[in-house]
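**Student:** Pasting a structure here, questions to come.
Read-outs: derived from the displayed coordinates by stated rules, not from any lab. Since the structure is predicted, the reported quantities are computational estimates derived from the model, not experimental observations. Because the Cβ atoms are built from the backbone with ideal geometry, glycine has one as well, and the counts that use them run over all protein chains shown.
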């Protein structure tokens, strides 16, 4: 079994391997429709559906997908970065069209070897400060060239502009507020429940990815305006109400404060992580004036001297310090 081979290759053996082997000894699956259950059918590939061990086993299975991918060179780092991998979402990084096609060929060979399907229609090629010289082919299919791509819910674009994510968060908050309109307006629902809804549902949606656009009141304002609509329903006040005071009385923090806290936390946590972000922060690009790291340095300096986090005093952070790369 391919999964057991992958587990042995990373040093897993003994009782743990025997236990996993027993779990996958002639596994069967059945389908339930209403009160009817189909006859059990044995399956010979894939992980068990609904099993708590399946996600980590799948990660082990695809962990070597970048083996043989050349990746990109980042000044200041000793090793090249082949890409990013989170669960079944992968990002390839390449310095040229030729390198990208070679990387796609490597992925195609890997998927054929391990019988893993790759949906090229859901993939996209995004160029940074460059142009494709030819069509990119993955599994015999052309991969479309795009200007932006949603990766893990975060919108990445070729200009490293955070406006796309801010607009996306704003629209998502607006849809949720519209869907919850009757709930927020009902007088027989406790105010504490409405506040909990705003803090636990609306705020996380609006502040998603706030590590990249926090510490700027101007950038947070569009999202805050949508959340304030829900707060006005809860407080039963008009548009002229002092929203900062109302939020304070209801115990609801502002989008600006929440995203600023998230960015400050990331500034301290990410340099100690065991991923590429730690290396990129420690070796920021010198050819570019405004990066996420330099923005943090500027803001941290202002904060330590009594300055205030505002649009005028903080550099506009524009994402991570990948440059001159091709995303797919």
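**Student:** Convex hull volume of the Cα atoms in segment 161-261, per residue, in Å³? Walk me through the intermediate numbers first.
**Tutor:** Details: hull volume 8.7 nm³, N = 101.
Each residue corresponds to 86 Å³ of Cα convex hull volume.
**Student:** Work out, step by step, the length gained on full extension between residue 142 and residue 64: first 0.36 nm times the residue separation, then minus their alpha carbon distance; give nm to one decimal.
**Tutor:** Once the chain is fully extended between residue 142 and residue 64, it gains 25.7 nm.
**Student:** Something else about it: With axes computed from alpha carbons, what is the tilt in degrees of helix 255-269 against the longest principal axis of the chain, rounded to the nearest 10 within 0 to 90?
**Tutor:** 50 degrees
**Student:** Another question, if that's okay. By count of other Cβ within 10 Å, fewest leading, how are 51, 123 ordered?
**Tutor:** Going from least to most buried by this count: 51, 123.
**Student:** In addition: Springs between alpha-carbon atoms under 10 Å, Gaussian network over the chain: tell me which of 168, 236, 144 tops the mean-square fluctuations.
**Tutor:** Highest fluctuation among the options: 236.
**Student:** What distance in nm separates the two pseudo spin-label positions at residue 51 and residue 185, each 7 Å out from Cα along the beta-carbon direction?
**Tutor:** If labels sit at residue 51 and residue 185, their model points lie 5.0 nm apart.
**Student:** How big is the gap, in Å, between the Cα center of segment 1-66 and the Cα center of segment 152-184?
**Tutor:** 36 Å
**Student:** Most exposed first by the Cβ proxy, i.e. fewest other Cβ within 10 Å, how do 114, 160 rank? Walk me through the numbers on the way to the answer.
**Tutor:** Working: 114 16, 160 19.
With the fewest neighbours first, 114, 160 line up as 114, 160.
**Student:** Then there's this: Please report Rg (one decimal) and Dmax (integer) in Å for the Cα set of segment 2-62.
**Tutor:** 13.6, 44
**Student:** Helix 14-23 versus the longest principal axis of the chain: what angle, 0 to 90°, nearest 10, using Cα atoms?
**Tutor:** 90 degrees
**Student:** 222 nm [θ] for the chain, helices only, -39500 (n - 2.57) per DSSP H run of 4+, per residue, to 500?
**Tutor:** -13000 deg cm²/dmol
**Student:** Specify the inter-centroid distance of segment 218-269 and segment 82-147, based on alpha-carbon positions, in whole Å.
**Tutor:** 40 Å
**Student:** With labels modelled as points extended 7 Å from the Cα through the Cβ direction, what inter-label distance (nm, one decimal) is found for residue 12 paired with residue 236?
**Tutor:** In this crude spin-label approximation the distance works out to 5.7 nm.
**Student:** Taking the number of other C-beta atoms within 10 Å as the exposure measure, put 57, 93, 17 in order starting with the fewest.
**Tutor:** Final ranking by Cβ density, sparse to dense: 17, 57, 93.
**Student:** With viscosity set to 0.692 mPa s at 37 °C, what whole-number translational diffusion coefficient in µm²/s follows for segment 227-290 from Stokes-Einstein and a Kirkwood radius over Cα pairs? Present the calculation step by step, with values, prior to reporting the outcome.
**Tutor:** Numbers: Rh = 14.8 Å.
Value of D from the Cα-based Kirkwood radius: 222 µm²/s.
**Student:** For residue 119 paired with residue 29, estimate the spin-label separation in nm (one decimal), with each label point 7 Å from Cα along the Cα-to-Cβ line.
**Tutor:** 1.5 nm
**Student:** Relative to the longest principal axis of the chain, what angle (0 to 90°, nearest 10) does the C-alpha long axis of helix 163-179 take?
**Tutor:** 80 degrees
**Student:** What do you get when you divide the Cα radius of gyration of the chain by 2.2 N^0.38 Å, with N the number of residues?
**Tutor:** This ratio for the chain stands at 1.21.
**Student:** A further question on this structure: Going highest first, how would you order 221-229, 186-194 by mean Cβ packing within 10 Å?
**Tutor:** 221-229, 186-194
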